[in-house]
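Undergrad: One structure, pasted below without further comment.
The values are calculated or read from the model by the stated rules, or taken from the named source; none is laboratory data. Model, not experiment: these values are computed from the prediction. For neighbour counting, all protein chains shown are included, and Cβ atoms are generated from backbone atoms with ideal geometry for every residue, glycine included.
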Amino acid sequence: MEIQKSRGIVLSSRSVGEADRLVRAFTREYGKRSFVFKGIRKSKKRSAAAAEPGALLDLVYYYHAERDFHIVNEFTLRGQHRGPEADLAGILYLFLMLEVVDKTTGQNDPGRPVFDLLEAALKALDETSRRGHLAVFFILHLLRIGGILPGFDSCKICGKRELERFALDWADLAPVCATCAGGRRMGRLLPRGGIEFIRTSLRTKYSSLDLDAWDDDLVLDLLFNLCLFIEGYFHTVLKSKEMVFSGIAGGKKLELQCRDGNNLWESQKI
Ligand SMILES: [Zn+2]
């Protein structure tokens, strides 16, 4: 056992026993790790908000190499998403981004670029007017850091560079032109603006994006495709995906159908 210090962002948490909280956090130094906050739910001195998703913490803890959970000794809350004051959409997007990090990273696999990206994204989430745009930007860069992003220069089948309309192949996220997409099982066709948003996002900072150039429907379509790709590639289910699309697509019915006509998912009003 040794004492370690880390800065971490809480990805998920749950209550155990009378007063403890189990937390999975992405740390700047060691990647994803799990912690126990003993007695935090009954503590008068220590804020329980520190163990909630989105909290940014400095942690001092007892590290046990052979254990899954490390016991937190001290912590300082450095920042957190607005929490209870945040609106529903803000919380749903927060949960989606945290869950995507959780489901695409391994325990104890250091990833400073992932930490920095997540820290910047949570800050931007409180400030941006277009959270869907931020979520797409964030996931694209997360996949880029993970080294699993395909090229977006041209159709992966015929090589055509001008993609007036295109689909994203859920197997590898590569773009396929409308002609080549015919008869294949992939997302519905997206307009040219979709590929432009992806290309622009990958070569600029979020704060430099002209968010109004891409409408919310298009960005939601991109987000849905990204979620489906992650679920397939990482053999996982993004639980917050359905919440996001039912909560944020709002009153509008968002029907996404795969090529063979199966209705994959249909949003519901909440
Ligand atoms: Zn093609």
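Undergrad: Cβ contacts < 6 Å: first residue at negative phi and among the hydroxyl-bearing types (Ser, Thr, Tyr), restricted to region 166-179; second residue at pLDDT 95 or above and near the ligand (Cβ under 9 Å from one of its atoms), any location; separation 6+ or different chain. Result?
TA: So the pair list comes out empty.
Undergrad: Further, regarding this structure: Give me the residue from region 140-155 that is buried (at least 19 other Cβ atoms within 10 Å of the Cβ) and within 16 Å of the ligand (Cβ to nearest atom) and, out of that set, farthest from Ile198 (Cα to Cα).
TA: Cys155
Undergrad: Tell me, which residue of region 200-214 that is surrounded by fewer than 13 Cβ atoms within 10 Å (Cβ to Cβ) and of a type outside the set (A, V, I, L, M, F, W, C) is nearest to the ligand (Cβ to nearest atom)?
TA: Arg203
Undergrad: If you check Phe137, Phe166, which single one turns out to be within 16 Å of the ligand (Cβ to nearest atom) and among the aromatic types (Phe, Trp, Tyr)? Full working, then the answer.
TA: Numbers: Phe137 fails: within 16 Å of the ligand (Cβ to nearest atom).
Only one candidate qualifies: Phe166.
Yes/no matrix, rows are residues, columns are (1) within 24 Å of Leu22 (Cβ to Cβ); (2) acidic (Asp, Glu); (3) touching a Leu at 6+ places or on another chain (Cβ under 7 Å); (4) away from the ligand (no atom under 16 Å from the Cβ):
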site	(1), (2), (3), (4)
Ala55	yes, no, yes, yes
Asp58	yes, yes, no, yes
Ile71	yes, no, no, yes
Thr105	yes, no, no, yes
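Undergrad: Please work out which residue is surrounded by the fewest Cβ atoms within 10 Å (Cβ to Cβ), limiting yourself to region 170-189 and to residues that are away from the ligand (no atom under 12 Å from the Cβ) and within 20 Å of His141 (Cβ to Cβ).
TA: Top of the filtered list is Asp172.
Undergrad: Could you list, in sequence order, all residues of region 22-74 that are surrounded by fewer than 21 Cβ atoms within 10 Å (Cβ to Cβ), closer than 21 Å to Leu122 by Cα and of a type in the set (Phe, Trp, Tyr)?
TA: The answer is Tyr30, and nothing else.
Undergrad: So is Leu163 of a type in the set (A, V, I, L, M) and closer than 24 Å to Leu92 by Cα or not?
TA: Details: of a type in the set (A, V, I, L, M): yes; closer than 24 Å to Leu92 by Cα: no.
It is false that Leu163 is of a type in the set (A, V, I, L, M) and closer than 24 Å to Leu92 by Cα.
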